[in-house]
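First up is the structure itself, then whatever we jot down about it.
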Amino acid sequence: MITMRWPIDKTNPQPELLNKAADLLKSGELVAFPTETVYGLGADAYNAPAVKKIFEVKGRMPQSPLLVHVSNYSQVEDLVAGIPSRARQLMEQFWPGPLAVILSASNRVPDEVLGGNTTVGLRMPAHPVALALIEAAGPIAAPSANLSGRPSPVSAQHVLDDLGGRIAAILDAGPTGLGLESTILDLSRSVPEILRLGGVPAEQLEAALGCNLKVASGYKTAYHTGEMKIILCEDEEQWLSLAALAESERVALVHYGRIPGPSMDANKKAYTLSLGGQGPDLFTIIREAETRGYKQLIFAPLPSTLSGLGSALANRIRRAAGS
Ligand code: TXA
Ligand code: MG
């Protein structure tokens, strides 16, 4: 299969391209599309065989449920068994935006989407292309558009590097912006719980709900990065000794703006990652370092106090390093 790559205007998407992509979805094909977080790999959420293809193409475990992307509230009504008032409040406050909520599923949602659960995860993305595509095609089940275990894609090229030749098309609206996946909040149980830190800071959800939120322990496995090993330094001492390797070996460094230690100043093989969320994003840094053939990517120790997007990024860095 040849994957069609359709460049599309990010703010005023061309209707003819949206229609072509929506027709592919309606005929059971997979289409990758941009959201404000990362690129998604979409299938018609009500088409079980199409949803199955997502798992084949990504190499994803069938018991791992998919988020359903919506563009309006009548779609939500069809997908859930009911909308508790606190869920409605959060949707109104944070949608469209990088918040996914888990609610009791209606019996219309295919089992393939739910991965054997009785709950469904919903998200209304704040991206004009995504919203217009969903309006045209109906609710779209979509995980991040990477091979399972790889960092999420934040550009069309990342998607093609992982899935080129295996999906029908990709709408290419350039880099996604946030470069970090959505926050997932489980509202299906009596006490809400954050299942994944992400684009909406936990503090904002706590303020909206008026309670503290528990964060589920989350990912343990590192991303597959071929030959490249990702290391997160525990402390400054480890960082200084490993950073010294960068001068002579195929080693790149990542720090967070403040370069700890004088030995770093002259070093050119260093990426700066803003823990405030601006500038080059984590997933791009990882994929780029890998493409450049580095054998190790070494992260500076994380600051002891983190908040907002910084906490979510720290979570992904720990995941990257498998720690
Ligand atoms: O920002 C995002 O959320 C991106 C864009 C494309 O929307 N999507 C994304 O999907 O990151 P994915 O599949 O890569 O990660 C979603 C996570 C998975 O770990 C999945 O297990 C969890 O959400 N999830 C989905 N539905 C769930 C459910 N009903 N209950 C518990 N967890 C669920
Ligand atoms: Mg993913």
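Every number in this text was worked out from the coordinates using simple rules, so none of it is lab data. In this text the structure is predicted, and so the values were computed from the model without any measurement. Glycine gets a Cβ as well: all are built from the backbone with ideal geometry, and neighbour counts include every protein chain shown.
Does region 1-119 come out rounded, prolate or oblate, given a ≥ b ≥ c as the square roots of the eigenvalues of its C-alpha gyration tensor, rounded meaning a/c under 1.5 and, failing that, prolate meaning a/b above b/c? It is oblate, given that a/c is not under 1.5 and a/b is not larger than b/c. Note on region 229-320: dipole from Cβ charges, positive end direction compared against 303, 284, 232; the farthest Cα belongs to 284. Using a simple spin-label model with pseudo-atoms 7 Å out from Cα toward Cβ, residue 166 and residue 304 lie 4.4 nm apart.
Each Lys or Arg adds one and each Asp or Glu takes one away; over the other residues whose Cβ falls under 14 Å from the Cβ of residue 218, this sums to +3.
How much length is gained if the chain between residue 73 and residue 9 is pulled fully straight, taking 0.36 nm per residue apart and subtracting their Cα-Cα distance, in nm to one decimal? The residue 73-residue 9 span can extend by a further 20.5 nm. Across region 229-320, the mean sequence separation of Cα contacts (distance under 8 Å, 6 or more residues apart), normalised by length, yields a relative contact order of 41 percent.
Straight-line reach from residue 220: taking Cα to Cα under 21 Å and skipping same-chain neighbours fewer than 8 places apart, the lysines in range are 58, 229.
Would you mind classifying region 1-59 by shape? Square roots of the alpha carbon gyration tensor eigenvalues, ordered a ≥ b ≥ c; an a/c under 1.5 is rounded, otherwise it is prolate if a/b is larger than b/c and oblate if not. Prolate is the answer for region 1-59, as a/c is 1.5 or above and a/b outweighs b/c.
I need the chymotrypsin sites (Phe, Trp or Tyr not before Pro) found in region 203-241, filtered to DSSP loop residues with at most 14 other beta carbons within 10 Å of theirs. Here the chymotrypsin sites (Phe, Trp or Tyr not before Pro) that fit, given the DSSP loop and packing criteria, are 219.
Packing-based ranking of 281-287, 11-17, 54-60 yields 281-287, 54-60, 11-17, ordered from highest to lowest mean Cβ neighbour count within 10 Å. The slack in the chain from residue 244 to residue 215, taken as 0.36 nm per residue of separation less the alpha-carbon distance, amounts to 6.9 nm. For region 139-162 and region 66-105, what is the separation of their C-alpha centers, rounded to whole Å? Their Cα centres are 23 Å away from one another.
Helix content alone sets the calculated 222 nm mean residue ellipticity of the chain: runs of n ≥ 4 DSSP H residues at -39500 (n - 2.57) each, divided across all residues, give -9000 deg cm²/dmol. Taking a ≥ b ≥ c as the square roots of the eigenvalues of the Cα gyration tensor, region 4-215 is prolate, since a/c reaches 1.5 or more and a/b is larger than b/c.
Site pair residue 234 and residue 222 shows an inter-label distance of 1.6 nm when each label is modelled 7 Å from Cα along Cα→Cβ. Taking the Kirkwood radius as Rh and the Cα radius of gyration as Rg, region 229-320 has a ratio of Rg/Rh equal to 0.93.
Please give me the summed charge of the neighbours of residue 47: other residues whose Cβ is under 15 Å from its Cβ, Lys and Arg +1, Asp and Glu -1. The answer is -3.
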